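See below for the structure under consideration.
Readers should treat all values here as calculations from the given coordinates under stated rules, not as data from a laboratory. Because the structure is a prediction, the values reported are computed rather than measured. Here the Cβ is made from the backbone with ideal geometry for all residues, glycine too, and neighbour counts use every protein chain on show.
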Amino acid sequence: MAPAKIVIVGGGFAGVECARYLERRVGPEEAEIQLVTPDAGLLYLPLLPQVASGALNPRSVSVPLRRVLRRTEVIPGMAVGVDPETRQVIVRRHSGEECAYGFDQLVLSPGSITRIQDVPGLHEHGFGMKTLSEAMYLRDHVLRQLDVAAVRGEEDIDRERLNFVTIGAGYAGTETTAVLNKVCQAAARRYFPQAESTMVRWHLVTHGDRIMPELGERLGADAKKILAQQGIELVSGASAQEVTARGVTLTDGRHIPTRTVLWTAGVAPSPLAGHLGADTDHGRIVVNPDFSVPGLRGVWALGDAAAVPDLAAGDGKTCPPTAQHAMRQGKHMAKNLLATLRGGPVKPYRHPDLGLVVDLGGKDALARPLKIGLQGLPAQFVTRGYHLGALRTVVARSRVAFDWAVHGLSGDDFLRIGYGDYPTHTIGGFEQTGCYLSPEEVELRLKKLCEPGSHGNWLA
Ligand SMILES: Cc1cc2nc3c(=O)[nH]c(=O)nc-3n(C[C@H](O)[C@H](O)[C@H](O)COP(=O)(O)OP(=O)(O)OC[C@H]3O[C@@H](n4cnc5c(N)ncnc54)[C@H](O)[C@@H]3O)c2cc1C
């Protein structure tokens, strides 16, 4: 018999875990495994805020797929359509060409995207925190504001640059705000005159009155206390109404002048979920407890993109979109695929919540392993231990541990890489060969800069 064709869509926690488990238990004569993903590595998203803060190097948190997967064929590209009738997936490769891949079993784990609401100006001026590039770009942008404010000395504009606003107080928003606030405070203390260092202000805006509701009442209150001690202003009961290049207007009418609006107000399932012809629940693909998609034979879905019934919670809800569930679902999916190939029974997914960990920078951390609430150093110990254990290779663990050690000993170097400094990605753009002025232009420009009210606003 020809080997079964298994196509997995999405190289995140769920997809990679599924491929990894499968390829160790299924021989090439039994199944061919293909993984469609635009990424070259498995990105460990929970550590993204630490990339933005500079505590970790970007390469440390992305595990190359070539290291984790031995015989899975990785197809670089996006799955842009599925035909369940003829059992084919259309993949748009990075080259732009489209190819069709046939399957016997299709596993959909394309994860989620940032949920963008219809806020005017958000698309153009907001920052996200879902990819490595966004984390690096945000760090550079924040450091650029500090660098520029340090030499300008015009109070209103400096204040605008040194105000930072995060909309959304889930894990991603709260952790990023806390760690970047620490970076800004440290930079301000070391490099700014005293008067300016007090101008650095991070605002964390949440539509309810709680932050990270998953923490529960007590730890949630502790989190608020820690943020207040760090000097972060919590704005409750509001969201963004309009974002411009120079500020954000909140739904409660308040206007905050700023050049940095970080949008972390939730995630939405991958748009692929809505293009299958299958039922969806809040955009997630409705699945049975064994991950099979009702009505589509040989099609399965899991991770953030699927509404998997949470049998362990037993309250009729679906599993929350977390890395913890995605990883375990990936492994369980592989077991069910094995059972299907070998004619055995598939099993429903059931996984009790093991708790959560939150890193707010330095010694500030919160954790609730197995329902035990922890704070401070013990929580930081559990948090970092959990992340090290969850990273998939020894090399990745070593890189992260090394970065933490070096950063702990030496502190931040506040170094900008230069993302966003250059208008293009060509040689001329990077080397800025076109920025020099002719003698006539110098004369004109100087005249203009000497006019009253001119701010000499040449740096973004
Ligand atoms: C900043 C941040 C911090 C977080 N912190 C935590 C935390 O502390 N604890 C926790 O439990 N969870 C955390 N999460 C959530 C957690 O990371 C997600 O729940 C988890 O990544 C979901 O896994 P997944 O495999 O479903 O999707 P992902 O890990 O997002 O992977 C999806 C993959 O599919 C690819 N893909 C997308 N569309 C297509 C397509 N059409 N074709 C092919 N490939 C596609 C993507 O490029 C990606 O590789 C955090 C998330 C973020 C953004």
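Compared with the dominant Cα axis of the chain, that is its longest principal axis, helix 132-152 is turned about 10°. Give the shape of region 25-130 as rounded, prolate or oblate, defined through the alpha-carbon gyration tensor: a ≥ b ≥ c are the square roots of its eigenvalues, a/c under 1.5 means rounded, and otherwise the shape is prolate if a/b is larger than b/c and oblate if not. Oblate, since a/c reaches 1.5 and b/c is not below a/b.
Measuring between alpha carbons in the structure, the pairs from K5/K130; K224/K363; K5/K335 lying more than 22 angstrom apart are K5/K130.
What order, most packed first, do the peptides 311-319, 181-189, 63-71 have when packing is the mean number of other Cβ atoms within 10 Å of each residue? Please report the intermediate quantities before stating the final value.
Working: 311-319: 12.7, 181-189: 19.0, 63-71: 15.8.
In descending order of packing, they fall as 181-189, 63-71, 311-319.
Axis of helix 216-229 versus longest Cα principal axis of the chain: the two differ by about 30°, to the nearest ten degrees. Against the chain, whose longest principal axis comes from its Cα atoms, helix 323-341 is set at around 20 degrees.
Out of all DSSP beta bridges with both ends in the chain, state the antiparallel percent to the nearest 5. Please report the intermediate quantities before stating the final value.
Numbers: 33 of 66 bridges.
The antiparallel proportion sits near 50 percent.
Straight-line cross-link partners of K331 among the aspartates and glutamates, defined as a Cα under 20 Å from its Cα and at least 8 positions apart when in the same chain: E17, E23, E30, E32, E73, D104, D290, D304, D310, D353.
What does the highest-first list of 95-108, 406-419 look like by mean Cβ count within 10 Å? Write down the numbers at each step before the final one.
Values: 95-108: 17.0, 406-419: 12.1.
Highest-to-lowest ranking by the protection proxy: 95-108, 406-419.
Between R59 and R445, the C-beta separation translates, for a Förster distance of 41 Å, into a calculated FRET efficiency of about 0.50. Across the options V235, H255, V267, the greatest Cα extent toward the positive end of the charge dipole of region 205-318 (unit charges at beta carbon of Lys, Arg, Asp, Glu) belongs to H255. Placing +1 on the Cβ of every Lys and Arg and -1 on the Cβ of every Asp and Glu, with nothing else charged, gives the chain a dipole about its Cα centre of roughly 1600 debye. 3J(HN,Hα) along region 98-108, derived from phi through the Karplus expression 6.51 cos²θ - 1.76 cosθ + 1.60 where θ = phi - 60°, amounts to 10, 10, 9, 10, x, 9, 9, 10, 10, 10, 9 Hz, with x in place of Gly and Pro. Projecting label points 7 angstrom from Cα along Cα→Cβ for D209 and D147 puts them 4.3 nm apart. Note on K363 and K317: the model spin-label points, each 7 Å out from Cα along the C-beta direction, lie 3.4 nm apart. Distant-in-sequence amide contacts of C319, defined by a placed amide H-H separation under 5 Å and a gap of 5 or more residues or a different chain, comprise V308, D310. Karplus-derived 3J(HN,Hα) values for region 370-383, using 6.51 cos²θ - 1.76 cosθ + 1.60 with θ = phi - 60°, are 6, 6, 9, x, 10, 9, x, 4, x, 5, 5, 4, 5, 4 Hz; glycine and proline are entered as x.
Placing R0 at 35 angstrom, the Cβ-Cβ distance between V406 and R254 gives a FRET efficiency of 0.30 after rounding to 0.05.
Is the shape of region 102-220 best called rounded, prolate or oblate, per the rule: a/c under 1.5 gives rounded, else a/b larger than b/c gives prolate, else oblate, with a ≥ b ≥ c the square roots of the Cα gyration tensor eigenvalues? Could you put the intermediate results ahead of the total?
On the way: a/c = 2.33, a/b = 1.76, b/c = 1.32.
Cα axes put region 102-220 in the prolate bin.
Contour minus end-to-end for D421 and D118, with contour as 0.36 nm per residue of separation and end-to-end as the Cα-Cα distance?
Details: separation 303, 0.36 × 303 = 109.08 nm, distance 2.82 nm.
Using 0.36 nm per residue and subtracting the Cα-Cα distance, I get 106.3 nm.
Between S236 and Q185, the simple spin-label model (points 7 angstrom out along Cα→Cβ) gives 2.1 nm.
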